[in-house]
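Have a look at the structure below, then the notes.
The values are calculated or read from the model by the stated rules, or taken from the named source; none is laboratory data. All values derive from a computational prediction rather than experimental measurement. Glycine also receives a Cβ, built like all others from the backbone with ideal geometry; neighbour counts cover every protein chain displayed. Note: areas computed on protein heavy atoms with side chains; ligands, DNA, RNA excluded. Shrake-Rupley method; radii C 1.70, N 1.55, O 1.52, S 1.80 Å.
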Amino acid sequence: MSRTNATSLLCMAVVLLMASPASGALEKARLDQAVKAQMAMFYSDDIVQERFSSRAQAADLDGDGKEEILFLATARCVGANFDCPNELVVLVAGPPAPVVSALSPDETEQRDAAARTGYRFGHNEQVPGEVEGIRVLNRQVEVSFLVKEDSPICKRLYTTGNGEQKETIHCPDPGRYRWSYRWTGGKLVKAQP
């Protein structure tokens, strides 16, 4: 066999391996289906209204050979006196957790749809600014975001039960940030700078 033919066969084998389901590469359609099913399970009401997902990707965050799904889940809020959801969400492979309370028929249907994807909710972390980028490098999740002075994502003031306004302490100063997380013990754990 010539060197050119051997190189061509090797390249074709690598391409087939990369496309093979056994390679662990999660199909985009399955990833999208899992994210959509999870988004349907997040609550909405007259304050937390429209829910959006973006930046979905699959990565083996803990090195166990199974890919987790990572995405950003945001909402549009009207008149909220709390941080509007802007969450980094991780879905893990496996059956759903046992139900603690009775579910409505709609909730049961949503839960079953999510279970059929083979993924379930793992953990989420609120990002206190507008996300500009998410990347996974060496099983570490890096989130780049912009914190604004007045943002529904991170409220700097809250109203107490007696109507008094107080400052919060959890919002970073305005500016650009890059935070890193590790998937440890079934949770996103922020790395210390």
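Please count how many residues of the range 114-147 are closer than 17 Å to ARG55 by Cβ, of a type in the set (Gly, Ala, Ser) and not in a strand (DSSP E or B).
Matching residues across the range 114-147 total 1.
Find all pairs meeting these conditions: Cβ atoms under 8 angstrom apart; at least six residues apart or on different chains; first residue within the range 168-193 and among the aromatic types (Phe, Trp, Tyr); second residue assigned to a loop (DSSP other than H, G, I, E, B).
TYR177/GLY129; TRP179/VAL127; TRP179/ALA191; TYR181/ALA191; TRP183/LEU61; TRP183/ASP62; TRP183/ARG139
Filter the range 37-69 for residues that are under 14 Å from ARG120 (Cβ atoms) and either in a helix (DSSP H, G or I) or out of contact with any Gly (no Cβ under 9 Å at 6 or more places or on another chain) (or both) and give the result.
Answer for the range 37-69, where residues must be under 14 Å from ARG120 (Cβ atoms) and either in a helix (DSSP H, G or I) or out of contact with any Gly (no Cβ under 9 Å at 6 or more places or on another chain) (or both): ALA37, GLN38, MET39, ALA40, MET41, PHE42.
Yes/no per residue for (1) over 15 Å from the mean Cα position of the chain (by Cα); (2) modelled with pLDDT of 90 or more; (3) small (Gly, Ala, Ser):
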| site | (1), (2), (3) |
| --- | --- |
| ALA37 | no, no, yes |
| VAL48 | yes, no, no |
| ARG51 | no, no, no |
| ALA58 | no, yes, yes |
| GLU67 | no, yes, no |
| LEU70 | no, yes, no |
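For the range 150-193, how many residues meet the condition of being open to solvent by less than 80 Å² (accessible area, probe 1.4 Å), in a strand (DSSP E or B), touching a Lys or Arg at 6+ places or on another chain (Cβ under 7 Å) and closer than 25 Å to CYS77 by Cα?
Total meeting the criteria: 1.
Which pairs have Cβ atoms under 9 Å, sit 6 or more apart or on different chains, and link a residue in the range 25-49 that is under 19 Å from ALA59 (Cα atoms) and free of Cβ contacts under 8 Å to residues at least 60 places away in the same chain to one that is surrounded by fewer than 17 Cβ atoms within 10 Å (Cβ to Cβ) and of a type in the set (Val, Ile, Thr)?
none
Any chance you could count how many residues in the range 97-149 are open to solvent by less than 30 Å² (accessible area, probe 1.4 Å), at pLDDT below 90 and of a type in the set (Gly, Ala, Ser)?
Qualifying residue count for the region: 2.
Does ALA75 qualify as being of a type in the set (Gly, Ala, Ser), modelled with pLDDT under 90 and surrounded by 13 or more Cβ atoms within 10 Å (Cβ to Cβ)?
Values: of a type in the set (Gly, Ala, Ser): yes; modelled with pLDDT under 90: no; surrounded by 13 or more Cβ atoms within 10 Å (Cβ to Cβ): yes.
No, not satisfied.
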